[in-house]
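Note sheet for the following structure.
The values are calculated or read from the model by the stated rules, or taken from the named source; none is laboratory data. Quick caveat, the model's predicted, so the values are computed rather than measured. Please note: Cβ atoms are built from the backbone with ideal geometry, for glycine as well, and neighbour counts cover all protein chains shown. Note: accessible area is taken over every heavy atom of the protein model, side chains too, but ligands, DNA and RNA are not part of it. Shrake-Rupley method; radii C 1.70, N 1.55, O 1.52, S 1.80 Å.
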Amino acid sequence: MELNLGGSLSRKQEQNNSVYKVVIIGSGPAGWSAALYAARAETNPLVLTGLELGGQAALTHTIENYPGFPDGVGGAQLGELFQKQAERFGAQVEFDRASAVDLSKRPFVIQTDGGKQIQAQTLIIATGASPNHLQVPGEVELTGRGVSYCATCDGWFFKDKRVVVVGGGDSALEEGLFLTRYATSVTVIHRRNQLRAGAILQSRAFANEKMHFIWDTVVTEIVGKDAVEAVRLKNLKSGEESLFPTEGVFIFIGHTPNTQIFQGQLEIDENGYIVVDKRMRTSVPGVFAAGEAADSLYRQVVTSAGMGAAAAMQAIKFLEEHEA
Ligand code: NAP
């Protein structure tokens, strides 16, 4: 049978490339940890980094909750250290992005933006997730200068400052409540007059005196020169516009796991996350997933790294069982 994936990859097109024992897609904490473990098992793994080297963690100014760095570590620097450690044991790195895969039989085939077709006995998917953006003026320019997508990462920088949180789901309230540890006030700006978040989080948020709510309102612009100074708001019911002073803008309007290229080839839940068991096995034997592509719950550098290590250990076990 000839498989045609999005018109870009068919088995007829396969080149007679060598087959890697382990291919890892993604270069965030999950991908590098998987590479480290697979490399130390002497499988000469290949890491396809994707376009965002280091993943979401690399976008974080300082990571203060990754064990072993009591003074914190830059997100990009941590990514470089992860990479260096994996390469020291023989991980090979391609700065390329997987554009299509064929998981219908082994070896699996991965096609890249760079025009390569790579074959893999086992595959570890560590493609991460991307926070959804508001797509308003000022958002890109002020990211890292008051605009953030991670309260756990950046909350401390807003000690004794005012922040706004955009969104009305579980993430907005959970992260907003976390921010009340630091900020003097946390104002949730939600586009409707009813929260999407679960009842318990809502009760906790309404009971917290630092939490405030602006309903039926969207952010139309993030204003500031070198740092965030205010958000421009528009009330969707009255049409009224206003400027709301704030030092921080935390945006939690959902995440999108980067799993589009795997749709239809392995089990993916209704939110787009790859379904794995506790051994990081996906629905396709020989394919494992780790980090935020498969985790909607923890989303931390340390948990993603742990999942990556576990996925590699399982891939090695799979190879041993299938090579015997
Ligand atoms: P979510 O449930 O999809 O909520 C996104 C929120 O952002 C919604 O309130 C939505 O408004 C709003 N929104 C979306 N696009 C927007 C836009 N362009 N402008 C303004 N507002 C916008 O996402 P999430 O909160 O990240 O949660 C994702 C999943 O993880 C959910 O299943 C959630 O239950 C789960 N989760 C659970 C927990 C927990 O149990 N503790 C914590 C975090 C996440 P509308 O309401 O109007 O659509």
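For Gly155, the conditions (1) part of a helix (DSSP H, G or I); (2) more than 14 Å from the ligand (Cβ to nearest atom); (3) open to solvent by 10 Å² or more (accessible area, probe 1.4 Å) all hold with the exception of (3). Taken over region 35-61, the residue count meeting the criterion of being small (Gly, Ala, Ser) and open to solvent by less than 10 Å² (accessible area, probe 1.4 Å) is 4. Of all residues in region 132-149, exactly one satisfies the criterion of being open to solvent by 30 Å² or more (accessible area, probe 1.4 Å) and touching a Lys or Arg at 6+ places or on another chain (Cβ under 9 Å), namely Pro137.
If you go through region 250-272, how many residues are part of a strand (DSSP E or B) and open to solvent by less than 50 Å² (accessible area, probe 1.4 Å)?
Taking region 250-272 as the starting set, the residues that turn out to be part of a strand (DSSP E or B) are 250-251, 255-257, 268.
From the residues that got through so far, the ones that are open to solvent by less than 50 Å² (accessible area, probe 1.4 Å) too are 250-251, 255, 257, 268.
Final tally of qualifying residues: 5.
Just checking, does region 237-249 include any residue being in a loop (DSSP other than H, G, I, E, B), touching a residue at least 24 places away in the same chain (Cβ under 8 Å) and open to solvent by less than 50 Å² (accessible area, probe 1.4 Å)?
Just the residues of region 237-249 that are in a loop (DSSP other than H, G, I, E, B), to begin with: 237-240, 246-247.
Checking which are touching a residue at least 24 places away in the same chain (Cβ under 8 Å) leaves us with 246-247.
Imposing the further condition that a residue be open to solvent by less than 50 Å² (accessible area, probe 1.4 Å) reduces the set to 246.
The answer is yes; a qualifying residue exists.
Applying the criterion of being of a type in the set (A, V, I, L, M, F, W, C) and modelled with pLDDT of 85 or more to the residues of region 4-34, the residue that is most open to solvent (accessible area, probe 1.4 Å) is Val19. Would you confirm whether any residue within region 236-243 is under 29 Å from the mean Cα position of the chain (by Cα) and of a type in the set (Gly, Ala, Ser)? The answer is no, given that none of the residues of region 236-243 is under 29 Å from the mean Cα position of the chain (by Cα) and of a type in the set (Gly, Ala, Ser). Working only within region 175-210, note down all residues that are in contact with a strand residue (DSSP E or B) (Cβ under 8 Å, 6 or more places away or on another chain) and hydroxyl-bearing (Ser, Thr, Tyr). Across region 175-210, the qualifying residues are Thr180, Thr184, Ser185, Thr187. Scanning region 82-111 for residues that are within 18 Å of Gly286 (Cα to Cα) and outside any loop (DSSP other than H, G, I, E, B) yields Ala98, Ala100, Val101, Asp102, Phe108, Val109, Ile110, Gln111. Looking across region 290-324, just one residue is touching a residue at least 60 places away in the same chain (Cβ under 8 Å) and aromatic (Phe, Trp, Tyr), and that is Phe318.
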